[in-house]
Each structure stands twice: as C-alpha cells, then as structure tokens.
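Remarks on the structure that follows.
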Amino acid sequence: MPTDSTIVSIKYTLSRNGRAVSCAVLQVGLIVLKTNGSKIPSGGDSGSPIVARHSDGSMTLVGMHIAGNDLGSSWAIPAWQIFNLDFWRRYPAGAAIAPMDVP
C-alpha cells in the first residue's frame, strides 16, 4: 500500500521543443504491485484499471495503472486519489469526478 514517505521515480519520454527527452517523474503514494517476474504489465497498459474481484464476481476499482518495468513491477494511482479533485491542478469550475457503475 502507498505511504506518504515512499517516492517512486518513474522514467518517461516527454516532448520538449519538438524533441523526445527522457525525464524522471517523482510520484508519491502509489500502489506497487509485483507480478512474480512475468511480462505483465506491457507497453500501452497505462491508464488500465486495477480491480479487485470479489467472490460474488463483482469488482472494486483499486487504482489506475501508470507504469511498469520488465521485472514484473507495476505502479498504480490509488482510486481515492483519482476521484479527489485536490489531486488535480487544473479542472473546470464546478467539475465533479465520480466512478460509474458499469454492468
């Protein structure tokens, strides 16, 4: 589970002045998942939901995948941060973010 003192440095390739630049982005409070060395996650998985499946087949959103590595580690933003506008810098006045129950 995330802690306020754990800082994860994730390398991203960003565009700066029309050129690809490698940058380290520091993240705090991420969920860290280990997949026993499998190749999951893979490129393009960012933004995917991380869910917990219950015995009755229902699911609860745990977080959103943002990065991973070849060693089977995956990092996710906790769901409570996704839906808390205090974690977003610019949003329209009167905006609301809420999960949707999808069958």
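Before moving on, here are some points about what is shown:
- Among V8, A52, A79 the positive-end extreme of the charge dipole of the chain (Cβ point charges): V8
- Cα gyration tensor category, rounded, prolate or oblate, for the chain with a/c compared to 1.5: oblate
- Charged-residue dipole, Cβ positions (Lys, Arg, Asp, Glu), the chain about Cα centre, Debye nearest 20: 460
- For the peptides 52-58, 71-77, 21-27, 6-12, the ranking by mean Cβ contacts within 10 Å, running from highest to lowest, is 71-77, 6-12, 21-27, 52-58.
- FRET E, pair I7, H54, Förster distance 35 Å, beta-carbon r, rounded to 0.05: 0.65
- Here is how the number arises for the chain: DSSP H runs of 4 or more residues each give -39500 (n - 2.57), the sum is divided by the residue count, and the result at 222 nm is -500 deg cm²/dmol.
No lab work stands behind these numbers, since they all come straight from the coordinates. Just so it is clear, the structure is predicted and the values come from calculations on it, not from any experiment. Cβ: placed from backbone, ideal geometry, glycine included. Neighbour counts: every protein chain shown.
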